[in-house]
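The values are calculated or read from the model by the stated rules, or taken from the named source; none is laboratory data. All values reported here derive from a predicted model rather than from experimental measurement. For neighbour counting, all protein chains shown are included, and Cβ atoms are generated from backbone atoms with ideal geometry for every residue, glycine included. What goes into the accessible areas is simple: the full protein's heavy atoms, side chains included, and nothing from ligands, DNA or RNA. Shrake-Rupley method; radii C 1.70, N 1.55, O 1.52, S 1.80 Å.
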Amino acid sequence: MHKKILLGVVLVLSLFSFIALGCFDLSVNDAVTTTTIAQDAAGNTTSSTTSTTTSASSSSTTTAVPSSTTASTATTTTTNTTATTTTTTTTTLAAPTGAVATGGNSEITISWNAVSGATSYNLYWKTSNGVTILNGTKISGAARPYTHLDRTNGTAYYYIITAVKNATESAASSQVSATPSAPVAVSKYVAMGASFTTGYAGVEGDRYYNKLLAAIKAIYPLATGSNLASNGAPMDMIRALELADAVAANPSIVTVWPEGNDIINNRNTAAVNTDNFSSNLDLVLAGLAATDAKIIVGKIPDITKMPCMSLNGQTWQGWNDTQKTNARNWTTALNTVITNLATTYDCSVVDFYGDNDLYAAGNYIADDGLHFSDTGHTFVKNKWWSVIQPLIQ
């Protein structure tokens with residue numbers, strides 16, 4: 001009987017020990033995802049996604065030690081903490097702007113404005129209209145400007161450009177096109193424009209027209225030139241006063257620069273209407289195209305970036321904020337007209353608008369701020385020459 005009772009006690013104590021031996025685990029995981037989107041002044045968008053996971057775990061272990069006495073020992077261990085934070089940042093680059101394609105002898109030069117944050121650029125091209133990232137031939141890591149060599153003279157080429165940083169590629173620029181051709185033997189150079197071209201007040205040194213003609217004559221010594229520009233002429237006056245003489249000269253090369261008088265004259269007009277400018281430029285380019293001349297058109301600069309804005313006394317000096325806004329809107333719209341008509345008449349384009357180096361103070365007459373100093377005329381000549389030289393050499 002005593003043995004049976006003792007055996008029962010042992011069995012009960014063993015069962016108690018088995019039940020008491022156990023682990024209890026509690027885990028809680030909380031995940032929080034936060035997305036932040038920011039845009040900088042250049043139009044680049046940054047998206048930042050942060051995921052935070054917090055894990056809290058509690059473990060309790062109790063050990064009961066059977067004994068011939070009533071004593072027992074219990075041990076409890078508690079563990080808390082695990083935090084993990086993962087941040088992923090994605091940058092969206094702005095599409096390149098200011099794209100221009102210029103045909104030379106068996107080559108085409110493509111230029112565009114720099115994109116903030118970009119480390120390289122891709123070009124996509126094809127020989128028919130409507131090039132896209134999907135259907136164009138890709139040129140990776142193109143430097144700015146890029147010269148596409150070994151092209152077929154007489155064949156049109158179409159291009160778009162994207163900006164790249166790491167694995168991110170921007171949307172494409174607007175499409176541009178050009179047709180390479182054999183060099184033009186220059187016998188006559190004609191310049192059309194206004195006071196940027198004629199020179200102003202006789203104090204600025206050698207005007208860009210003279211510098212450009214000298215560069216042409218270094219290749220074709222017998223070449224002659226005519227500067228037909230008219231001081232103060234907007235586009236309708238350039239057509240009325242200069243076109244007939246330009247056509248009669250039968251030029252090999254002609255530069256047409258609307259300059260900025262259409263902007264000065266409309267600085268107080270908020271509603272932009274390009275009809276008059278467009279119709280007159282169309283007539284000029286159509287008339288010149290009939291002569292088989294190589295036509296190069298200059299975009300209108302941003303007058304509001306010139307030193308004249310900090311001066312007062314002339315109509316082009318010291319504009320208020322409203323006048324500056326009007327001027328920028330007119331300039332953008334008229335330059336779009338220039339780009340479109342240049343494409344229609346297969347003209348090359350020089351981008352005086354998007355080149356910020358043009359607006360350096362040293363390029364202008366100090367007390368004038370709009371018209372070029374000798375240094376400025378050299379800068380302008382080099383801009384024209386970068387497009388003209390591939391056409392004639």
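Details
- Strands (runs of 3 or more DSSP E) lying entirely in the stretch 62-131 (those with 3 or more residues that are at pLDDT 60 or above and within 30 Å of residue 355 (Cβ to Cβ)): 100-103, 108-111, 120-126
- Taking the numbered list (1) of a type in the set (Ser, Thr, Tyr); (2) out of contact with any Phe, Trp or Tyr (no Cβ under 8 Å at 6 or more places or on another chain); (3) open to solvent by less than 60 Å² (accessible area, probe 1.4 Å) in turn, residue 157 passes all entries but (2).
- Look at the stretch 277-290: where a residue is buried (at least 17 other Cβ atoms within 10 Å of the Cβ) and a partner is of a type in the set (Lys, Arg), sitting 6+ places away or on another chain with Cβ atoms under 6 Å, you get 280/239; 284/239.
- Scan of the stretch 141-182 for residues that are within 18 Å of residue 107 (Cα to Cα), among the hydroxyl-bearing types (Ser, Thr, Tyr) and out of contact with any Pro (no Cβ under 9 Å at 6 or more places or on another chain), ordered by number: 146, 158, 159, 177, 179, 181
- Selection within the stretch 156-173 - at pLDDT 95 or above, in a loop (DSSP other than H, G, I, E, B) and either of a type in the set (S, T, N, Q) or at positive phi (or both): 170, 173
- Taking every residue in the stretch 302-315 that is under 20 Å from residue 357 (Cα atoms) and open to solvent by 70 Å² or more (accessible area, probe 1.4 Å) and pairing it with any residue that is in a helix (DSSP H, G or I) and at pLDDT 95 or above, at least 6 positions away or on another chain, the pairs with Cβ-Cβ distances below 8 Å are 305/359.
- When we screen 324, 299 for residues that are in contact with a helix residue (DSSP H, G or I) (Cβ under 7 Å, 6 or more places away or on another chain) and surrounded by fewer than 19 Cβ atoms within 10 Å (Cβ to Cβ), the only hit is 324.
- Entry remark, the stretch 218-261: residues being open to solvent by less than 20 Å² (accessible area, probe 1.4 Å) and in a helix (DSSP H, G or I) number 4 in total.
- Leading residue by the ranking (farthest from the chain's Cα centre (by Cα)) among those in the stretch 334-368 that are open to solvent by 30 Å² or more (accessible area, probe 1.4 Å) and among the hydrophobic types (A, V, I, L, M, F, W, C): 366
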